[in-house]
Every structure is written in C-alpha cells, then in structure tokens.
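What follows is a short report on a single structure.
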Amino acid sequence: MFSFWHDEYSSARTARHSARLSRREWLRVGGLSSLGLSELTLSALRRASAASANDELPDKTATAAKAKRCVFIFLFGGPSHIDLWDMKPHAPDNVRGIYQPIATSAPGLQLSELLPNLAKEADKLCLLRSMTHGDPVHGTACSQMITGRPHRRPGTTDTLAPDDWPSLSAMVMRFGRSAAGMPSSVVLPWYLMFPSQGARIAGQSGGLMGEAHNAFLVDGDPNLKDFAVPGIRLPNDVPAARLLRREGLLREVDSVRQTILDGPSSHLVSDNYRQAFAMISGQRSAAAFDLDEESAATRERYGGHKFGQSLLLARRLVERGVSLVTVNWDDDSRDEKQSPFWDTHHDNFGRLKKLTPIFDRAFAAFLSDLHTRGLLDSTLVVALGEFGRTPKIGQFTQNAATEKTGRDHWPHAFTALVAGGGAPGGHVFGATDRLGAYVTDKPVTPADLAATMLTHLGVDPSLRYHAPLLSESFPLSTGRMIRDWG
C-alpha cells in the first residue's frame, strides 16, 4: 500500500518544473500511488480530479456554528411499527398482533414487550410516529430516506446510478465540519445492498455531486477479534520520518497541482491530502477506530454482535469529532431471499422475536452511554427503516411472496426513533389512525427529516450544489426542519 517507486518519484519532481502537463498526465505521474497514500485517499483524489467543473464548494466550516453530531441508524428492510413502537392494542386481532405494550420510564409512553431495555431508556426517546412517503419498493424507498428526496425513477430500480441524489453522508462530507484528522462523515459497517445483486442500493453515494464526496466507509465486522480499519495506521516498515518526507514532496509539487487542477476541486484535493496524512500520522484518528480500548464490560453491554459493536464504534467516532455516523443494519439473515433483515414477509412475529433483542440491547446501551458521557444533548440520534409494515397481517401491497404470517411494505405511516439534539425525551411526536395505517397529525417526510438533521449539524439545507451531469444546481434539501417538537 505504501510502496514508493524511484522512477515515479523522479517523474513527480520533474513535474514540479512543468506547468504544461495535462490533468491526466499529472494524475498519472505525480499524484496517485507514487505518493504512497491509502486506497481510500487515492480513490477520492481520482474522483476529485473529475469534479473540477463543480464550482460551488464553500468553506467546510463556514456553516457550522459549533460542534454538533448526528448518528443515523438505518434498519434495513423496514421494521413493523405496529408491533414495536406504534402499537394498537385495541385494534382487531389481525392488526394488533401477538405482542403486548409495556410501560416505560416515560409516563404514558409504551413500547413493545420485545423492547424491555429500551423501555428503561424511554425518558431519552422521542417517538416520531408520523413519518410518511409513498414508495413501497425497498431500493428507491431506501434512497428517499438516505437522500431526503424521492428517487427519480420510484419503484423501478434498487441499485446506485450516477444521477442519484446525494446521500446525507455525502452532503455532510462536502459541506459539513470535521475535527482535525477525522472525516466529516463515516458509514459503517457496510453499504446497503441485496447480496443477490452485489451492488450498492441507490442513494448511498455523492450521486450528482460526484463520488469524490463519498463518506469514509468502514467495511467490516467490528465484533471480530481481528477487526481493523485499513489505511489509518502506518505499516511497521514505514517509519514516521518517511511519511514526513512524502508530505514534504506533496508540498513541493503543490504549485503544479494547483495550476493543473485550478478551481474548487483543487481545494478538495488539498483537503483530501491533508486529511489522509492527518489520519495516517495521528494517534487520535487511529484510536477512534480501536474498540480494544473499550472495557470488556462496555463491549458486553452493547452485545457481541455486528450491530452492537457498530453502535459502540459510532459512539467513539462522534466522541472524537465525526459529524455524521451512519450505521447500517446487518445480520446473518442477509442470504435469505424472501425476507432478509427487517423485511418480515413471512413469520413476522418469529422474525421480530429474533431481531428485536439485538436492537433493544445495543440501542438502549448506546443511548445510556451517550447520556452518561454528556454527549446526548449535542448528538441527534435517528433510527428508522425505509418504511413500516402493513396494518393487517398477511395483507398484500407490493410483494406477492408475503405470507399469511407476514406483513408487507407500508410507506404511508411509520416511526422514527429520535433522541438527543434538542428532541424532547419521553415524548411522542405525531400520530397515526387507530390501525396505524395513515398519519393523522404532524406528518414528517424524508425531506423534512433530512433538513432537520442537516440543520442540527450546522449545514444550511438551502445551500446549493452544481451537478455537472445535468448542468443544474440543487438545494441540499427541499424539506422543512422540525422546529417545534411539542
């Protein structure tokens, strides 16, 4: 990863004296693997060179008044709101299901009996029960939740495309604030995809802004003993002095780079170089990803599972200055073709009995940990899926494989779990009808939620970016932030 070939080094020094090199020649001769950067940075720099037409890059810290954080937890598949956090105990049998509501630490607020740990932390939780949109297809519904905009071709595709709207993580990577040596935005432990497709689901990249703005991806299982994030520590055979020499080389050739990549993306390339060196050389950056620094008791409290340890890693990252951490649900049902993850088309109640304890333990520990460490007031936590499930058990709406024991997709009303960041704890925001089918009070769209998250992070949702692919400019969000949680 850190090899440094002599002939490429010589070419880079020669390039310093020639401002007539083309952009393509510069990237070949002076810019990439010859500088010994990690693959993370190399890919970002390659993409950045293609983004030079993008001329609306502001100072990344200009819109952030003070350090605030956000953790976006995506429950892939769409959990059943009626069985978990918007229960209808007085509805008919074929709606209310088999699980009973239980009291919580917040007077008058009830959760499913499947959530005993979260019930103890409900005084920190706001149940936003009025999420709504109109797309019942996984891929494009995921895209809408992750980007805050309806997909351009709703219901027609699951996979990422160049004309996708940019993800929230990409918006924050570009316009957000970053602590020294840390990326603005991190996604873990994987990009959402259906394994049978082997491609990212729509809306998880920079999209129209360009993939140069993709978040830092931590791809792996933090629960494994040998878990490590590549590219943020120096290999044993690369002493710090050599890294500093390479940094000096970058400064030496910077004037040529600025000449060839003149424009906004030139600053982006500089930012990426600086961030790469800061992460590789900084103990703070590497330590943020090191779960071995946590006590065995803390790790046990979150649970020995990919999701639980991902939330623990998210806590470490926001604690050390990452603005937005996206945690995508993953579990061992990923190879199931009919109902992977929270997509309970069959045996809805059995699947929830298996999945919910994992979430309950980890999410409750996460909220408690943030609160104990004094991070919850400044950290907005949002957990939800791409939609809810049908009010009636066995009701068919989108997937013909839905069985009499399952619940199909239902985007018209579902719940987001919100905590911290100014949202009142022990509170219910919005409401659905007696069957949990439609929103009756304070509807919130994905655009509204996106605007709320961006505003919390100090990013103005009305900021515009230029999309070279379409030769148009767009605001980050068309939604209205939630100003009054009452």
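Distant-in-sequence amide contacts of A467, defined by a placed amide H-H separation under 5 Å and a gap of 5 or more residues or a different chain, comprise E472, S473, F474. Once backbone amide H atoms are built at 1.01 Å from N, R200 has L160 as its partners under 5 Å, excluding neighbours fewer than 5 places away on the same chain.
With each label modelled as a point 7 angstrom along the Cα→C-beta vector, the A297-E113 pair spans 3.2 nm.
Please work out how much length the chain gains when fully extended from D347 to K404, using 0.36 nm per residue of separation minus the C-alpha to C-alpha distance, in nm with one decimal. So the chain would gain 19.7 nm between D347 and K404. The magnitude of the dipole of region 347-387, with charges of +1 and -1 set on the Cβ of Lys/Arg and Asp/Glu and taken from the Cα centre, is near 200 debye. Taking only the C-alpha atoms of region 149-203, Rg followed by Dmax gives 13.4, 41 Å. For A180 and D290, the FRET efficiency from 1/(1 + (r/R0)^6), where r spans their Cβ atoms and R0 equals 22 Å, is about 0.80.
If I take R0 = 22 Å and measure r between the Cβ atoms of W485 and L435 in this structure, what FRET efficiency does the formula 1/(1 + (r/R0)^6) give, to the nearest 0.05? That gives a FRET efficiency of 0.30.
The simple spin-label model puts a point 7 Å past each Cα toward its Cβ; for D377 and K337 those points are separated by 5.4 nm.
Extension gain, S471 to A67: 0.36 nm times the residue separation minus the Cα-Cα distance gives 142.1 nm.
In region 311-434, the portion of solvent-accessible area held by carbon and sulfur atoms comes to 48 percent [1.4 Å probe, whole percent, DNA, RNA and ligands not counted].
Counting only lysines at least 8 places from K353 when in the same chain, those with an alpha carbon closer than 27 Å to its own are K88, K120, K124, K306, K337, K392, K404. Looking at region 400-486, the trypsin sites (Lys or Arg not before Pro) that sit in a DSSP loop and have at most 16 other Cβ atoms within 10 Å of their own Cβ are K404, R434, R480, R483.
The values are calculated or read from the model by the stated rules, or taken from the named source; none is laboratory data. Remember, predicted model here, so these are calculated numbers, not experimental data. Please note: Cβ atoms are built from the backbone with ideal geometry, for glycine as well, and neighbour counts cover all protein chains shown. Protein only, heavy atoms only, side chains kept; ligands, DNA and RNA dropped before computing areas. Shrake-Rupley method; radii C 1.70, N 1.55, O 1.52, S 1.80 Å.
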